[in-house]
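Throughout, read-outs are computed from the coordinates displayed, never taken from laboratory work. Quantities reported herein were computed from a predicted structural model and do not represent experimental measurements. Glycine gets a Cβ as well: all are built from the backbone with ideal geometry, and neighbour counts include every protein chain shown.
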Amino acid sequence: MTGAPKICVVDDDPYVCGSIEALLQVHGFAVRTFPAAAGFLEQGDPPTCDCLLVDVRMPVMDGLSLLARVGESWPDLPVVVMTGHGDVPMAVRALKSGASDFVEKPFEPERLLESIRHAIAGPARRHAALEDARTAPFAVLTPRETEVMEHMVIGRSTKLIAESLSLSPRTVEIHRSRVMQKTGAKSLSHLVRMALKAGFDPEG
C-alpha cells in the first residue's frame, strides 16, 4: 500500500461524516464520505479504499446489508462497523458476519483510530489477534463474573444486569471491572470478539 491509507465512511448523518473526516485527515488518512450505501457501491469495482467505516442504522440499505455485499464481492476489504448505544447485539452479528471490529457512538478518537489501524494492518496481524482471543483467560473468572460477562456481551446495562442477577448496581460495576481486568479486554468490542472466539455465542 502506497501513499495515505484510504478510508471510506458511510453514514447518513452529515455531522458524523464531517467529524470523522476531519479526525482521520489530521492523522494522515485520505477520506471519502458517502451519505448512503448506494453511493459507496456505485464508485467502482473494486472500491478504491483500504478500509470501510460504516454505520449500522441507515435507511434503505443498513450497515449489515452493506457488510454482506462487501463480504460477497470484496472479502479482503476490512470493515469497521459503527453502532449507537444499545446496539451491541447488532454489532455481534456484524462481527460474526466478517466485520473487523465495531466502535460504539459516541466514540473516543483514539478508539476509532486504533480500530481502523488494526483493520488495515494486514492478515498476519489480524490472525495473531484472533489467536490471542482464542486463549483469552475466561477460565479464571468466578461463576458470578462469568454471569456478568455474559450479560455484558449481549449489551445489557449495569442497571439491567443488577436487576437480572438481583445485585446492586455498585456490585455489578465491581464485577464488570474485574471481568475487563482478568480477561485483558481493552474495550467492550474487544471483550465481545474474545468471547466469540472462545466459543461463547451471545445470540445462542
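Quick notes on this structure:
- The charge dipole of the range 6-121, taken about its Cα centre with unit charges on the Cβ atoms of Lys, Arg (+1), Asp and Glu (-1) only, comes to about 120 debye.
- Here the spin labels are modelled as points 7 Å beyond Cα on the Cα-Cβ line, and at residue 68 and residue 168 they lie 4.7 nm apart.
- Structural descriptor for the range 6-121: relative contact order 23 percent, calculated from alpha carbon pairs under 8 angstrom and at least 6 residues apart.
- Taking each residue as 0.36 nm, the span from residue 157 to residue 96 lengthens on full extension beyond its C-alpha to C-alpha distance by 19.8 nm.
- Relative to the 2.2 N^0.38 Å rule of thumb, the range 134-197 has a C-alpha radius of gyration ratio of 1.01.
- By the beta carbon rule, with partners counted only under 4.7 Å, the chain holds these lone Cys residues: 17, 51.
- Three-way shape label, the range 6-121, alpha-carbon gyration tensor, a/c 1.5: rounded
- Rounded to 10°, Cα long-axis angle of helix 14-26 versus longest principal axis of the chain: 80 degrees
- Segments 112-118, 36-42 sorted - mean Cβ within 10 Å per residue, highest first: 112-118, 36-42
- Couplings for the range 112-118, taken from phi via the Karplus curve 6.51 cos²θ - 1.76 cosθ + 1.60 with θ = phi - 60°, read 5, 4, 4, 5, 5, 4, 5 Hz in order; Gly and Pro are left as x.
- Measure of compaction for the chain (Cα Rg per 2.2 N^0.38 Å): 1.06
- Residues residue 42 and residue 181, FRET efficiency given R0 of 35 Å [Cβ-Cβ distance, rounded to 0.05]: 0.15
- Cα lying deepest toward the dipole's positive end in the range 34-90, options 67, 53, 83, charges on Cβ: 83
- Only the Cβ atoms of Lys and Arg (+1) and of Asp and Glu (-1) were treated as charged; on that basis the dipole of the chain about its Cα centre amounts to roughly 660 debye.
- Percentage relative contact order, the chain, counting C-alpha pairs under 8 Å, at least six apart: 15 percent
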